[in-house]
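Undergrad: Right, I'll just put the structure down here and ask away after.
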């Protein structure tokens, strides 16, 4: 009898400890999935027009832009999650191995090859040397353009640097806008690049 | 004493033609600069209106004068240049046909235009390769010139084209008017070499004018392209490809360059090379040569004049549609400039 009582007490203790210990275990926390990156649909011209006579805010779009937007929207799959995944790989594939980039690289290869053969076959005359240097220079610049995907020139934010001033003065500001589809949120948001007050904004955004 | 006076008089008389030549060269350069300044001013102030008026007035006539100039430069017999001209005319025909067919297929619904950028890239590549072939053929005829640089340069251009086909096409739109200045340069070298140096010096004003237009109009608001015609003009100037750049700047720059092009073909070249009135066809070798084609030359120029009148009539009836059709078909004259410029080099 004593044995039975002791056994029951031991089992109860073990169970109690187990339950208490189990309660102290942190429940498995589901890792928040990283926010999917937005998908770039279209880049088009955009003008912010202050109008003192306007009754409500309006978003006007040309028929041409609407057609472009329709075409871009038609390429989107119905499932937003799949869309983001597909768009990610699509953008990556375009950046790394689009047919256009391949053709650009192929022609650049041909250009360098022909320039090399021409230089080797020519008698290294002064004019030909100069022309070869120019050609190789152009090829190097082209290669740099391929690598940077033509990011030279003022950034898109440059055109918006005077937005605040123009809004105060009732003037129109024109620049380019990227239309993106984001996974979360509701409605439409307009994010404008403005120079930071501390003056530490990105280059090209400062006045 | 009398002999001394005669000698002085003779040297003074001998200096007269040179002085007159210098004076004429100065007048020519002054007229050129005045035209450029007036064009730049009007193109900057009223770009849309100036574009509409200039295309209406000068688009047809400048094509007629260009055709006449090309006929004048065409030899009566091709001889050793036969292959060059066969490639040139085949290229002009095929590339123009493709250029006109693409929008036509799009508008009749046979092509959705989905891969427009790739198609543009292919057309630009064919254009570059065609010009490279012509330069190679021309270099083979002229032993003084080496054509070894042509293919490396052509492939480098093709590479740039495939990075941004639309931007490459826009570059052609802006560069084409400047080809007329090159024609004028070659023409002066052949007919009035003493004018060449002042002319080349005067060309240094062009980058200044272009920079000034860009500087003054960079911050201007976009042009109101709320009607179909204004929208077409801004799109032709590249607003769709360069949305960050003011459409006022793009249209002004494009119209200014177009005016230079019209000025060279309608005023400078006919006046400098004038050996009679434009309708005097005896200056055309293909017309006056015993084995030439006088009837064909006459017929071509009469048909061209008729098309010019039809173009004006079209502009009056429906300016926008006629402008679209004109700029598609006018690709033929843009392409024709390449072989004839190469022949003059």
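No lab work stands behind these numbers, since they all come straight from the coordinates. Note that the structure is a prediction, hence the values are computed from the model and not measured. Methodologically, a virtual Cβ is constructed for each residue, glycine included, from the backbone with ideal geometry; neighbour enumeration extends over all protein chains shown.
Undergrad: How do B:47-60, B:79-92 rank on mean C-beta neighbours within 10 Å, highest first? All intermediate terms of the calculation are to be shown ahead of the outcome.
TA: Numbers: B:47-60: 19.1, B:79-92: 15.1.
Result, highest mean Cβ count within 10 Å first: B:47-60, B:79-92.
Undergrad: So, R0 is 56 Å and r is the distance between the beta-carbons of residue B:283 and residue A:168; what FRET efficiency does that work out to, to 0.05?
TA: On the way: r = 65 Å, r/R0 = 1.15.
Step by step, r from the Cβ atoms, then E = 0.30.
Undergrad: Scaled to the compact-protein estimate 2.2 N^0.38 Å, what is the alpha-carbon radius of gyration of region B:2-344, rounded to two decimal places?
TA: On the way: Rg = 22.4 Å, N = 343, 2.2 N^0.38 = 20.2 Å.
So region B:2-344 has a normalised radius of gyration of 1.11.
Undergrad: Determine, for B:337, B:258, A:169, the number of other Cβ atoms within 10 Å of each Cβ, and report the residues in order from fewest to most. Display every interim value, and only then the final one.
TA: On the way: B:337 18, B:258 25, A:169 9.
So the residues, fewest neighbours to most, are A:169, B:337, B:258.
Undergrad: Could you give the angle, 0 to 90 degrees to the nearest 10, between helix B:82-107's Cα long axis and the longest principal axis of the Cα atoms of chain B?
TA: Once rounded, the angle reads 40 degrees.
Undergrad: What does the structure give for A:105-112 when I average, per residue, the other chain Cβ atoms found within 10 Å of the residue Cβ? Could you put the intermediate results ahead of the total?
TA: Working: counts 3, 4, 12, 7, 2, 7, 10, 4.
Partner Cβ neighbours, averaged per residue: 6.
Undergrad: Counting only other chains, what is the mean number of Cβ atoms within 10 angstrom of the Cβ of each residue in peptide B:157-170?
TA: On the way: counts 4, 7, 16, 10, 4, 13, 12, 5, 2, 0, 1, 0, 0, 0.
If you average over the peptide's residues, the count of other-chain Cβ atoms is 5.
Undergrad: Just how far, in whole angstrom, is region B:317-345 from region B:56-115 if you go by their alpha carbon centroids?
TA: If we compute the Cα centre of each part, the gap is 7 Å.
Undergrad: Let me ask something additional. Averaging sequence separations of C-alpha pairs under 8 Å and six or more residues apart, then dividing by the length of chain B, give the relative contact order as a whole percent.
TA: Details: 280 pairs, mean separation 111.9, N = 345.
Normalised by residue count, the contact order of chain B is 32 percent.
Undergrad: Across the residues of B:42-48, average count of Cβ atoms on other protein chains within 10 Å? It would help to have the intermediate numbers written out before the result.
TA: Numbers: counts 0, 0, 0, 0, 0, 0, 0.
Averaged over the peptide's residues, the number is 0.
Undergrad: Relative to the longest principal axis of chain B, what angle (0 to 90°, nearest 10) does the C-alpha long axis of helix B:150-163 take?
TA: The angle comes out near 30 degrees.
Undergrad: To the nearest 10 degrees, how steeply does helix B:247-263 sit against the main Cα axis of chain B, on a 0 to 90 scale?
TA: 40
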